[in-house]
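A quick write-up on the structure given underneath.
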Protein chains: 2
Amino acid sequence: MKAKVHVTLKPGVLDPQGKAVEGALAALGFAGVESVRQGKFLEIELAGDDRDAAERQVAEMCEKLLANTVIEKYDVEIGD
Amino acid sequence: MKAKVHVTLKPGVLDPQGKAVEGALAALGFAGVESVRQGKFLEIELAGDDRDAAERQVAEMCEKLLANTVIEKYDVEIGD
């Protein structure tokens, strides 16, 4: 079973990495870019086939390791 | 208009960051994790409302800046 996890900064938290990309895109001549926010994307391959258990387990992974929940939010999606 | 971009390592390319997460999850006692791959996730806010033009522009951003196409692939999704 595969879990897809997005870890992104909460709204309002300054994103220097996104700002750097924004600046670089402008320097390369890309017009019309209003904002860029950068986050992490993880694909986790899990044993077993209990989707609910997998979702709970991955949420716990996010709480304990993958996300800094003070400034980041996470979104878990369980696929096949 | 918002573009969501996933930049991930191509299959077969070694992912030390993913391996580190995998090791850390095992050390924290999470069982059943078979593999972890880590990528980047970008949300780009664009002016205008031509979806096709936006998709072409973001693909060009990926080719020129956001992805290293020797080892990474990208996926662009245009939302509202």
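Of the residues making up region B:39-80, those that are without any contact (Cβ under 8 Å) to a residue 24 or more places away in the chain and of a type in the set (Asp, Glu) are B:ASP50, B:ASP52, B:GLU60, B:GLU63.
Remark: A:LEU42 falls outside the filter, which requires a residue to be buried (at least 19 other Cβ atoms within 10 Å of the Cβ), farther than 20 Å from B:GLU22 by Cβ and not basic (Lys, Arg). Considering only region A:12-36, how many residues are within 11 Å of another protein chain (Cβ to nearest Cβ), of a type outside the set (Phe, Trp, Tyr) and either in contact (Cβ under 8 Å) with a residue 60 or more places away in the chain or outside any helix (DSSP H, G or I) (or both)? Counting residues in region A:12-36 that are within 11 Å of another protein chain (Cβ to nearest Cβ), of a type outside the set (Phe, Trp, Tyr) and either in contact (Cβ under 8 Å) with a residue 60 or more places away in the chain or outside any helix (DSSP H, G or I) (or both) gives 9. Screening B:ALA47 with (1) among the hydrophobic types (A, V, I, L, M, F, W, C); (2) touching a Lys or Arg at 6+ places or on another chain (Cβ under 7 Å); (3) exposed (fewer than 14 other Cβ atoms within 10 Å of the Cβ); (4) under 29 Å from A:PRO11 (Cβ atoms) gives one miss only, at (2). Taken over region A:50-71, the criterion of being in contact with a Lys or Arg (Cβ under 8 Å, 6 or more places away or on another chain) and surrounded by fewer than 17 Cβ atoms within 10 Å (Cβ to Cβ) is satisfied by A:ILE71 alone. Filtering region A:39-48 to residues that are out of contact with any Asp or Glu (no Cβ under 9 Å at 6 or more places or on another chain) and not in a strand (DSSP E or B) leaves only A:GLY48.
Which members of region B:37-70 meet the condition of being more than 9 Å from every other protein chain (Cβ to nearest Cβ) and among the basic types (Lys, Arg)? Across region B:37-70, the qualifying residues are B:ARG51, B:ARG56.
For region B:18-59, a residue qualifies if it is more than 23 Å from A:ASP50 (Cβ to Cβ), of a type in the set (Asp, Glu) and more than 17 Å from the chain's Cα centre (by Cα), and the qualifying residues are B:ASP49, B:ASP50, B:ASP52.
Can you work out which of the residues in region A:55-80 that are assigned to a helix (DSSP H, G or I) and of a type in the set (A, V, I, L, M) is nearest to A:ARG37 (Cα to Cα)? Among them, the one singled out is A:LEU66.
Read-outs throughout are calculated quantities, based only on the coordinates presented, and are distinct from any laboratory measurement. Bear in mind that the values here come from a model prediction, so they are computed numbers and not experimental data. Note that we place each Cβ from the backbone using ideal geometry, even for glycine, and neighbour counts take in every protein chain shown.
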